[in-house]
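The values are calculated or read from the model by the stated rules, or taken from the named source; none is laboratory data. Since we're looking at a predicted model, the values are computed, not measured. Please note: Cβ atoms are built from the backbone with ideal geometry, for glycine as well, and neighbour counts cover all protein chains shown.
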Amino acid sequence: MKDLFGHKWKAQRLAGQHAFSSNANLQSFGELILPKHLNTLLAPIEKSIERDEELDVQEVAYDYAMVVFGELAYDSDFAQTSAAFTAPFERASTVTQDRFTNPLYRFTERLFPSGRRFQRDVAEVKAFGERLVRSMSERIKAEEEGEIETPGVDGSQGADGSTIGQGLLLRELVKEHGQGDNYRFLADACLNFLTAGKDTTAQALAWTLYEILRSPAIYAELQAEIDKAPTELEVSDLTAVEGPLQYTNAVISESLRLHPPVPLEIHENTTSAPIALADGSLVGPAEIVLWSPWVMGRSTRIWGEDAADFKPSRWFPEVQPRKSDGTDLSHPLKKSAFEFPVFHAGPRSCLGKNLARIELAYALVQLVKRYEMVPTWPLNQEKSVGTALTAPILGGLGVRARHRQKI
Ligand code: HEM
C-alpha cells in the first residue's frame, strides 16, 4: 500500500509521540517550564495595573505560549535567543496565512514589505532552528562521552544547569534521527510542533477568559474553586476531571467546545486510490473532505438543545444530558474524538492535547487567583473569530486588571 502520510510525517509523529506521551516529560513541562516563565504571563498585567491601563490578554497569552513551547521544542535558552526567531517567524506566518484566503497571492504578495521579505524571513527561521539542532547534537554527544552530565527526567539538573524538560522534543528528535546531516529535517520538525502548539493554546486561553468574563456567576464559581484548591497542585491535579480543579477543567472543556482553536479542517486525498472513511463512504483521489469542529461543537444533535449555552456543568460526570424528547444523550466525557474533534481524531490527531490542557489549567489558575479582570468591550457584544489558520479573537481581548490578593 502506498505510504499515505509520508515517511517524514511518520518520523516526526513517532518522535513527538514519544516526547509527549511520557509522564516524566509532561511532569517536567508542568513543574519546571510553566512556572519558570510565569513572569511572561504576569509581568504585562502587573505593568498595566501599575499604569492603570487597559491590556490585551490574548497578546499576553501568545507571548507565554511562545516562550513555554519554544523552550519545550527547542532549547533552554529559547526565551533569551528567540528575538532572532520571533519577528521573522511572525511575519512569515502572517504571509502564509494570507495565502489560504487570497488566491491572487502570487501577484499581490510582493506589493507589501512582508511579502517581499518572505523568503528571507523563512531562511532566518530555518537557520535559527538548525543552529539549535546543531547545539543539541553537540550537547548529547558530550553527554554520551561523559564530558557533561545528562539531566535527570525527575527534573534534576545536568552539569550545565539544564533539565530534561528543556528542549525535550529536540532531544528526542536528535536521538532518533540526529545521525548525519539531518539538521534541516529536525529543525523543521521542531518548528511544526511549535507552530501547532503556540497559537492554538494561546487562543484557547483567550476564549476561556472571554467566556468567564461574560458570565459573572461562572467566574465567581471558578474563583471559589481556585481559591480553595491546594497551593501546591500536582501536575496531575491540573487536568483531573474529578480533582480539585473539576470546575476549572469543565470551564476549559466548554470553551474548547464553543471556540475550537482549529475551527475548520480540510484534508485532501493525495494518493491515487480512494480512501474509505469510517462510515464506508469513499474519498476519491484529489477529493477533499472538509469539516468544522466549530459547527460540530454547537450542534444540538451532538450536545442537546442547550448546545449554544456556555454551561461548564454539562461536563460533570453526574450530570446526564437529555434530548428535547427526554431521552438520554451520550455524556460529553464519553464523546468520541470524531464527535468532538477539537484535537482531531484518528492517526493525525493532536499530539499536544495533554500539554495544552496542562498549560490552560495552569495559566487560568495563576490568573484567576491573582486578578480580577473587567472587560473593556460591551458585554452584550459577541466577539468574532479573526481570519487566520487558527481562531484568534478578532480585535483581541481588552481588559482592565486589578489585584485580588498578593501572592
Ligand atoms: C488547545 C490547543 C490545541 C488544539 C485545539 C490543537 C488541535 C489540533 C488539531 C485539530 C490538529 C489536527 C490538524 C490537522 O491535521 O488538520 C492538531 C495536530 C497537531 N497538534 Fe495540536 N492542538 C493544540 C495544541 C497543541 C500543542 C500544545 C502541541 C505541541 C506542543 C500540538 C501538537 C500537534 C501536532 C504535532 C499535530 C500534528 C499531528 C500529526 O499530523 O501527526 N498541538 N492539533
What are the residues in the stretch 186-238 that are buried (at least 24 other Cβ atoms within 10 Å of the Cβ) and touching an Asp or Glu at 6+ places or on another chain (Cβ under 7 Å), if any?
T201
Kindly indicate whether A388 is more than 21 Å from E254 (Cβ to Cβ), modelled with pLDDT under 95, among the small types (G, A, S) and not in a helix (DSSP H, G or I).
yes
Cβ pairs under 9 Å, 6+ apart, first in the stretch 265-290 and on the phi < 0 side of the Ramachandran plot, second of a type in the set (F, W, Y) and surrounded by 10 or more Cβ atoms within 10 Å (Cβ to Cβ)
E265/W291; I266/W291; H267/W291; A278/F338
Do we have L351 as within 16 Å of the ligand (Cβ to nearest atom), closer than 15 Å to N249 by Cα and at pLDDT below 95 here?
no
Are any residues in the stretch 170-185 surrounded by fewer than 24 Cβ atoms within 10 Å (Cβ to Cβ) and within 16 Å of the ligand (Cβ to nearest atom), and if so, which ones?
E172, E176, H177, F185
Just to be sure before I move on: is A217 of a type in the set (G, A, S), away from the ligand (no atom under 16 Å from the Cβ), over 21 Å from the mean Cα position of the chain (by Cα) and modelled with pLDDT of 90 or more in the structure I sent?
yes
Regarding the stretch 330-352, can at least one residue be identified that is without any contact (Cβ under 8 Å) to a residue 60 or more places away in the chain and either more than 22 Å from V295 (Cα to Cα) or among the acidic types (D, E) (or both)?
yes
Go through R400, R370 for me and flag whichever is more than 20 Å from L256 (Cα to Cα), in contact with a strand residue (DSSP E or B) (Cβ under 6 Å, 6 or more places away or on another chain), surrounded by 14 or more Cβ atoms within 10 Å (Cβ to Cβ) and not acidic (D, E).
R400
Please indicate, with yes or no, whether at least one residue in the stretch 143-159 is crowded, with 19+ Cβ neighbours inside 10 Å, at pLDDT 80 or above and not hydroxyl-bearing (S, T, Y).
no
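To keep it simple, each residue is scored yes or no on (1) under 22 Å from D237 (Cα atoms); (2) among the charged types (D, E, K, R); (3) modelled with pLDDT under 80.
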residue: Q12; (1), (2), (3): no, no, yes
residue: F20; (1), (2), (3): yes, no, yes
residue: G30; (1), (2), (3): yes, no, no
residue: I33; (1), (2), (3): yes, no, no
residue: A43; (1), (2), (3): no, no, no
Scan the stretch 354-367 and give yes if some residue there is in a helix (DSSP H, G or I), at pLDDT below 95, within 25 Å of V60 (Cβ to Cβ) and in contact with a helix residue (DSSP H, G or I) (Cβ under 7 Å, 6 or more places away or on another chain), otherwise no.
yes
